[in-house]
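Some notes on the structure that comes next.
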Protein chains: 2
Amino acid sequence: MALFVQKYGGSSVADAECMRRVARRIYDTQKAGNQVVVVVSAMGDTTDELISLAKQVNPEPNEREMDSLLSTGEMASSAVLTMALHALGAKAISMTGHQAGIYVDGTHLKAKIKTIRPKRIQRHLAQGNVVVVAGFQGMNASEDVATLGRGGSDTTAVALAAALKADRCQILKDVDGVFTANPRVEPSAVKLDEITYDEMLELAGAGAEVLQSRAVEFAKNYGVVLEVLSSFEVKPGTVVREEVDEMEHIIIRGIAADKNQAKATLLSVPDTPGVAARIFKTLAAALINVDMIVQNVSAEGRTDLSFTVAEDDVGKTRRVLEPLAEKVKAAGFRFDSDIAKISLVGVGMKSHSGVAYQMFDVLAANKVNIDMISTSEIKISVAIRMADADKAVRSLHQAFKLGRKAAPKSKAPAKKKKASSPKK
Amino acid sequence: MALFVQKYGGSSVADAECMRRVARRIYDTQKAGNQVVVVVSAMGDTTDELISLAKQVNPEPNEREMDSLLSTGEMASSAVLTMALHALGAKAISMTGHQAGIYVDGTHLKAKIKTIRPKRIQRHLAQGNVVVVAGFQGMNASEDVATLGRGGSDTTAVALAAALKADRCQILKDVDGVFTANPRVEPSAVKLDEITYDEMLELAGAGAEVLQSRAVEFAKNYGVVLEVLSSFEVKPGTVVREEVDEMEHIIIRGIAADKNQAKATLLSVPDTPGVAARIFKTLAAALINVDMIVQNVSAEGRTDLSFTVAEDDVGKTRRVLEPLAEKVKAAGFRFDSDIAKISLVGVGMKSHSGVAYQMFDVLAANKVNIDMISTSEIKISVAIRMADADKAVRSLHQAFKLGRKAAPKSKAPAKKKKASSPKK
């Protein structure tokens with residue numbers, strides 16, 4: 001008997017009909033001879049509606065109260081899904097994060113799971129119940145509810161899978177899995193059967209929205225086998241797991257595009273030791289995540305220093321840079337939001353050279369100008385003009401042959417229609 | 001420094017604007033030098049919406065899950081109200097029933113409060129906080145949430161007032177207090193300044209909807225001084241408290257009309273010992289509350305037996321009576337929903353005679369036929385035709401001089417305009 005942890009997001013349980021469909025899926029999994037723990041998000045737009053309500057009474061709501069408020073969405077959702085399971089004849093019980101034994105640290109709105117005491121879950125599983133846990137929440141040392149922040153329900157699912165030593169943690173979504181590129185941009189993009197934790201982390205960090213980095217990190221640390229799959233159709237998704245030897249044969253696993261980046265440039269900074277350190281220390285202290293960094297060639301002892309931040313952080317970055325530019329005697333600063341970051345990710349890069357060269361070559365051939373470059377062991381990212389983003393994804397996808405092969409059984413000659421280079 | 005427990009119902013906190021108004025009221029109470037514990041219901045129609053959602057996925061939702069679902073309404077409401085208090089600059093903290101130390105028995109959907117451990121409330125009060133408690137809920141021995149049933153938030157407020165030894169428990173509503181009769185039926189009806197627990201209980205049982213009997217009983221048992229007052233205007237309401245000597249000078253405190261009653265009649269029942277006992281034992285076992293009972297004069301060893309039940313219970317009563325009528329050899333049974341129960345309530349009745357006679361006389365003079373009669377020490381109820389209900393209330397209100405007196409300070413001669421007998 002296998003133990004599955006299944007996580008369903010808000011759009012999968014948006015209304016009564018969705019609830020009934022998800023319940024059927026869960027019950028089928030149980031009837032196939034498995035134990036099932038379900039983690040569920042708040043229904044549809046509930047969380048956004050609660051946030052909007054809170055802001056109506058207080059533009060800066062207290063974080064503890066915000067957590068108390070938001071956590072009710074997942075509690076309600078877990079109870080309703082449990083009722084839907086009962087309607088099918090399934091044995092099932094709902095649990096809040098606290099009842100499920102999920103204990104978190106003291107930070108509100110972005111709490112971290114400290115420990116899970118899954119005794120109550122295990123007792124009810126042993127009695128043949130599907131256990132439906134409210135995602136995104138836990139209890140802190142003050143006996144207050146705290147939420148886990150963005151992607152929190154994914155993290156709940158992975159953490160429960162680790163604590164329960166589940167055979168698999170399934171994240172059910174409105175997509176079929178992880179793709180070689182965004183299928184809305186590149187129609188020949190292929191669903192991956194498997195991907196390593198590190199590749200998934202790089203893709204998530206590079207703008208692929210399919211899984212939150214935090215849940216993947218957690219899965220990696222605890223060796224939880226993750227599967228991203230469709231909540232609408234029963235078919236295999238993408239398995240995220242430890243690297244095995246054969247995986248290195250694939251050099252590029254996928255391409256991600258992140259259009260929510262902005263480039264900040266400090267102009268004419270004195271090119272003396274310690275200045276860059278001072279700048280990035282100040283940004284880090286303000287909790288601004290800096291991604292790519294480029295320092296131009298120095299001229300007359302001065303240099304331009306550019307870096308990218310999330311577009312959401314532009315306001316905060318501006319407030320930090322204003323006094324900072326003066327202190328480090330820069331000539332000023334400016335922002336450029338018209339950029340996109342394109343990343344190639346693949347664990348095979350570790351043992352294959354030439355990927356960077358090939359990438360730049362493809363972009364050049366397509367007249368895409370590269371603004372900034374950064375690399376990791378298994379990723380290459382470039383910042384380019386926003387308008388070139390889709391073209392870059394499509395041409396790289398084709399050049400690295402990531403697309404759908406023509407069906408070998410087809411009698412007609414392979415036409416590579418969908419993978420053809422876009423003319424735009 | 002006085003300690004107030006204030007309870008606000010769902011319509012008082014229906015939206016953000018209501019929340020802000022209620023927060024202002026609470027903050028004013030605190031700034032006047034009081035400690036304040038607030039008990040709040042779910043916002044507006046939230047509870048009904050959650051029930052409807054539950055029924056969509058399961059026509060007979062499990063009671064534990066229903067409690068988990070419904071309790072989120074009050075949790076959300078308490079957090080939002082706390083945020084609104086913060087926005088005014090008040091120190092405030094929200095608590096779930098569990099956090100407030102409210103422990104209940106094992107019954108779901110109609111749990112009873114077993115004990116309250118108010119340490120956490122007291123600690124936060126001592127720190128200058130308004131404590132906003134989610135009404136209607138507590139934690140049972142299995143660490144599950146259970147709700148208190150209809151009027152549950154009123155009960156939460158009274159129980160907290162008892163546990164905290166509060167100076168007063170204020171129930172803030174969309175009415176100004178308890179009236180001598182329903183002001184929508186009898187415009188000259190007067191708001192009472194005070195009323196005894198027993199009178200309030202009889203009025204509540206007789207159809208006055210201003211307070212739930214359960215909360216009044218609780219207040220009586222623990223000597224909690226209750227006040228029913230307007231949530232919209234700051235002005236004294238009606239104080240519900242122990243009887244004091246002078247209260248007996250007022251013979252009739254108020255008139256209540258209950259239009260949600262139905263009369264059941266078992267026809268031609270054998271008039272032998274034990275038959276009535278058998279009938280009412282069976283009804284009690286089916287949890288059907290019987291109110292008035294009338295047995296007609298026996299003829300030829302047989303009699304008609306009539307009793308009233310809540311209109312909501314007619315279906316259930318019918319199912320019980322069908323086999324029962326056969327067993328006790330009755331000729332059959334019938335229902336009459338076209339009745340209303342009119343009650344006169346007043347603690348002074350204990351020491352004054354003639355009220356019943358006067359009541360029947362007034363009704364006769366107004367051509368209102370009396371169908372059934374029942375009395376308690378401080379109440380007389382009659383069942384009459386539904387169409388006569390408003391006329392009966394108005395004529396009794398006038399005859400017992402319960403109405404507004406002409407203002408004594410007015411220079412014009414008293415006109416008794418509003419107290420004039422309605423012509424209808």
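The values are calculated or read from the model by the stated rules, or taken from the named source; none is laboratory data. Here the structure is a predicted model, which is why all the values come from computation and not from measurement. A quick note on method: Cβ atoms are made from the backbone with ideal geometry, for glycine too, and the neighbour counts reach across all protein chains shown.
When you go through B:ALA277, B:ALA284, B:ALA256 one by one, which is the residue that is in contact with a strand residue (DSSP E or B) (Cβ under 6 Å, 6 or more places away or on another chain) and among the aliphatic types (A, V, I, L, M)?
B:ALA256
Among the numbered conditions (1) more than 8 Å from chain A (Cβ to nearest Cβ); (2) out of contact with any Leu (no Cβ under 9 Å at 6 or more places or on another chain); (3) in a helix (DSSP H, G or I), the only one that B:GLU60 does not meet is (3). Scanning the range B:226-267 for residues that are surrounded by fewer than 17 Cβ atoms within 10 Å (Cβ to Cβ) and more than 27 Å from B:SER188 (Cβ to Cβ), which turns out farthest from the chain's Cα centre (by Cα)? Among those that are surrounded by fewer than 17 Cβ atoms within 10 Å (Cβ to Cβ) and more than 27 Å from B:SER188 (Cβ to Cβ), it is B:LEU267. Hey, A:HIS98 hits all of (1) assigned to a loop (DSSP other than H, G, I, E, B); (2) surrounded by 17 or more Cβ atoms within 10 Å (Cβ to Cβ); (3) of a type outside the set (Ser, Thr, Tyr); (4) away from chain B (no Cβ under 14 Å) but one; which does it fall short on? A:HIS98 satisfies all of (1) assigned to a loop (DSSP other than H, G, I, E, B); (2) surrounded by 17 or more Cβ atoms within 10 Å (Cβ to Cβ); (3) of a type outside the set (Ser, Thr, Tyr); (4) away from chain B (no Cβ under 14 Å) except (4).
For A:ALA299, indicate whether it is within 22 Å of A:ILE370 (Cα to Cα), in the same structural domain as A:GLU377 (by TED's automatic domain parsing) and loosely packed, with under 14 Cβ neighbours inside 10 Å. Steps first, answer last, please.
Details: within 22 Å of A:ILE370 (Cα to Cα): yes; in the same structural domain as A:GLU377 (by TED's automatic domain parsing): yes; loosely packed, with under 14 Cβ neighbours inside 10 Å: yes.
In short, yes.
Only one of the numbered conditions (1) closer than 30 Å to A:CYS18 by Cα; (2) under 27 Å from the mean Cα position of the chain (by Cα); (3) modelled with pLDDT of 95 or more is violated by B:GLY97, and that is (1).
Of all residues in the range B:167-190, those being part of a strand (DSSP E or B) and surrounded by fewer than 18 Cβ atoms within 10 Å (Cβ to Cβ) number 1.
Of all residues in the range A:84-95, how many are closer than 22 Å to B:HIS98 by Cβ and either free of Cβ contacts under 8 Å to residues at least 40 places away in the same chain or assigned to a helix (DSSP H, G or I) (or both)? Total meeting the criteria: 2. Taking the numbered list (1) part of a helix (DSSP H, G or I); (2) polar (S, T, N, Q); (3) within 13 Å of another protein chain (Cβ to nearest Cβ) in turn, B:SER11 passes all entries but (3). Just to be sure, is B:ALA208 in a loop (DSSP other than H, G, I, E, B) and surrounded by 19 or more Cβ atoms within 10 Å (Cβ to Cβ)? Taking the combined requirement at face value, the residue satisfies it. One residue alone among A:ASN140, A:ASN182 is under 22 Å from the mean Cα position of the chain (by Cα) and polar (S, T, N, Q), and that residue is A:ASN182. Within the range A:73-88, the set of residues being more than 8 Å from chain B (Cβ to nearest Cβ) and closer than 16 Å to B:ILE51 by Cβ comprises A:SER77 only.
With the structure loaded, tell me whether A:GLU65 is within 11 Å of chain B (Cβ to nearest Cβ), without any contact (Cβ under 8 Å) to a residue 12 or more places away in the chain, crowded, with 22+ Cβ neighbours inside 10 Å and touching a helix residue (DSSP H, G or I) at 6+ places or on another chain (Cβ under 8 Å) or whether it fails that test. So A:GLU65 fits the description; yes. Entry remark, the range B:129-151: residues being farther than 15 Å from B:VAL5 by Cα and in contact with a strand residue (DSSP E or B) (Cβ under 9 Å, 6 or more places away or on another chain) number 9 in total.
Here is a check on your reading of the model: is B:VAL132 within 14 Å of chain A (Cβ to nearest Cβ), assigned to a strand (DSSP E or B) and touching a residue at least 40 places away in the same chain (Cβ under 8 Å)? Yes; evaluated as a whole, the condition is true for this residue. Kindly indicate the residue of the range B:191-205 that is of a type in the set (A, V, I, L, M) and not in a loop (DSSP other than H, G, I, E, B) and also nearest to B:ASN34 (Cα to Cα) among those meeting that condition. Top of the filtered list is B:ILE195. Scanning the range A:26-39 for residues that are within 14 Å of another protein chain (Cβ to nearest Cβ) and of a type outside the set (A, V, I, L, M, F, W, C) yields one hit, A:TYR27. For the range B:135-150, a residue qualifies if it is more than 10 Å from chain A (Cβ to nearest Cβ) and surrounded by fewer than 19 Cβ atoms within 10 Å (Cβ to Cβ), and the qualifying residues are B:ALA141, B:GLY149, B:ARG150.
Taken over the range A:40-50, the residue count meeting the criterion of being surrounded by 14 or more Cβ atoms within 10 Å (Cβ to Cβ) and either part of a helix (DSSP H, G or I) or within 9 Å of another protein chain (Cβ to nearest Cβ) (or both) is 4.
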